[in-house]
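All of the numbers you see were taken from the coordinates with simple rules; none came from a lab. All values reported here derive from a predicted model rather than from experimental measurement. Cβ placement follows ideal geometry from the backbone for every residue including glycine, while neighbour counts extend to all protein chains displayed.
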Ligand code: SF4
């Protein structure tokens, strides 16, 4: 018996009318399409990308704060968390371990979040102005769970990481990664559902709140 | 149960009608509002259509490219001719990795295959984690009534009653509390399950990845926490590049719910790397044919462009009146009226291509320009060719054709009909009861015709002009 793979591909070839001799040309064409990949129509906007990002992020019910330098990050996080009554316990992605958390007054663990961690702090690979979206990549230094399991997610967004759209972010990624990350997660505000009576509720399975700290 | 009796039941169900009316038109309005933030919706739609169409023209080669890339990055790609084979493959994977519990993100292909029943029969416990799908699962595996909003047919009171009964908790009527209750029930499942099954919105040939779009975050959970991830999708889901993904993501959430972007889009490529903090150790793709390959190169190939956004049903006057369950299979609304007969057999869904007014609202809103009414019309033709229409319809069509080919007889017939209808109208401009076809006027009036037919008026005018 032929395998399901051969069966399905064979039927496709037959319906497409692909002769065995034509296959190499088709493969070459496909490689050409990928190599010459072109962006489709992209919305354009005038003005500052960061301003656009902040405006869109707020529309997605993320909250936004800004600070001047990376050194300010721990204190700004502490200030916001305490102001919101969200406690002092945080788990911080290893990528941000170099910041001075010790003097922030927070109870900090560097590593990957578990099911009971209330707050996760992550960096961000790029941020997308078009939609107010974070682009996070998984890795040893950036656990995917830190933006997923805790009820509160704080993302540190370097201002120069804000790009226009997904195409621009992918262009950076193609050059940046030696090995493509297992997961690229695009996060647009807190987790939500509208399954019951089309009423929006925040915090379906992921975070109830997403707080963005823009640096620089 | 027969389609007509299913519909009758749904129309008489006042609670269902109330639930359907509550959301009627809401997604359509949200969609329209969201299009404003695209400079040029038509251009994006055209591009999206071309991306999907171009893949179908070389689908064999795109699939091979995807497979090679996914394999190179550590995933295992498996193929299934139909739903049963897909179920067997998934069960094999589960057994190989000693899996007892599976958390599932929404996958329409899994519904097509009847995967949950197959898993249960094999002693593996499936847990649906999309809130809507979870509600359906604990309600005795009720089928979804919408591809994006599976419990659009239910009220919060019904959900509340269900949760109280199944969870053994006090009844809640607040939607926030109900959502919280489901979150708390499902959190331990995410953390404990050995395997996660997701669908796939797109397969990207450039990187061998699957893209999963959700709002709740359950898609991320199912593909991050368990040791094994299986992505179960149809073979038509391939797209060439990441740039194409960006284009399609401009149009999918807007068409579905009116969001500019869904909360979570995950692009997953292979298993966890050495040193990674999290992620599954094993990643599998199960690519399912299930009738798709047979559509390539034929009249119905455009249907394979579908990105499962649900816009066609959100805009369908018939769907919004009879609800998704009336359609009898996994896919409701206009896209279901085309897919069900194609995947399940023409004779199993005789009424579906007829259950449309051909108003073309669906064709206008479809983000990948699928001419849904044309496809329904073609299915009607196929039904006629296969002799699947009732004898009375066939006879009257033949009679009609015979008369229509005889102009004099036809003209005389029309004159007679006009006189009869005007007699019924009795001086008014509408007819309230028509004896020969009472069904026509049961719930609406029939307009009275003009005193003379067009042909007679035309002939009279020509005579006056002396021509
Ligand atoms: S047929 Fe078009 S409108 Fe309907 S679900 Fe598919 S893509 Fe969306």
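Observations
- If the condition is being assigned to a loop (DSSP other than H, G, I, E, B) and either within 16 Å of the ligand (Cβ to nearest atom) or surrounded by fewer than 20 Cβ atoms within 10 Å (Cβ to Cβ) (or both), then the stretch B:291-312 contributes B:291, B:292, B:297, B:298, B:299, B:300, B:306, B:307, B:308, B:309, B:310.
- Among residues of the stretch B:154-180, those that are within 24 Å of residue B:201 (Cβ to Cβ) and either surrounded by fewer than 16 Cβ atoms within 10 Å (Cβ to Cβ) or touching a helix residue (DSSP H, G or I) at 6+ places or on another chain (Cβ under 6 Å) (or both), counted: 0
- Only a single criterion out of (1) more than 10 Å from chain B (Cβ to nearest Cβ); (2) outside any helix (DSSP H, G or I) is not satisfied by residue A:45, namely (1).
- If you go through the stretch B:254-267 and keep only what is in contact (Cβ under 8 Å) with a residue 60 or more places away in the chain and crowded, with 24+ Cβ neighbours inside 10 Å, you end up with B:254, B:255, B:256, B:267.
- Filter result (over 15 Å from residue B:436 (Cβ atoms), assigned to a helix (DSSP H, G or I) and over 44 Å from the mean Cα position of the chain (by Cα)) within the stretch B:408-426: B:408, B:409, B:411, B:412, B:415
Residues checked against (1) touching a helix residue (DSSP H, G or I) at 6+ places or on another chain (Cβ under 8 Å); (2) within 13 Å of residue B:263 (Cα to Cα):
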site: A:141; (1), (2): yes, no
site: A:156; (1), (2): yes, no
site: A:166; (1), (2): yes, no
site: A:172; (1), (2): no, no
site: A:176; (1), (2): no, no
site: A:193; (1), (2): yes, yes
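- Residues within the stretch A:182-202 that are facing chain B (nearest Cβ under 7 Å) and in a loop (DSSP other than H, G, I, E, B), tallied: 9
- Members of the stretch A:80-104 found to be in a helix (DSSP H, G or I), more than 13 Å from residue A:156 (Cα to Cα) and touching a helix residue (DSSP H, G or I) at 6+ places or on another chain (Cβ under 9 Å), listed by number: A:102, A:103, A:104
- Residue check: residue B:285 meets all listed conditions (1) buried (at least 20 other Cβ atoms within 10 Å of the Cβ); (2) more than 13 Å from the ligand (Cβ to nearest atom); (3) part of a helix (DSSP H, G or I) but one, namely (3).
- Considering the stretch B:1-71, the qualifying helices (runs of 4 or more DSSP H), each wholly inside and each with 3 or more residues that are at the interface with chain A (Cβ under 9 Å from one of its Cβ atoms), run over B:14-23, B:41-57.
- Residue A:38 meets each of the listed conditions (1) at the interface with another protein chain (Cβ under 8 Å from one of its Cβ atoms); (2) farther than 30 Å from residue B:37 by Cβ apart from (2).
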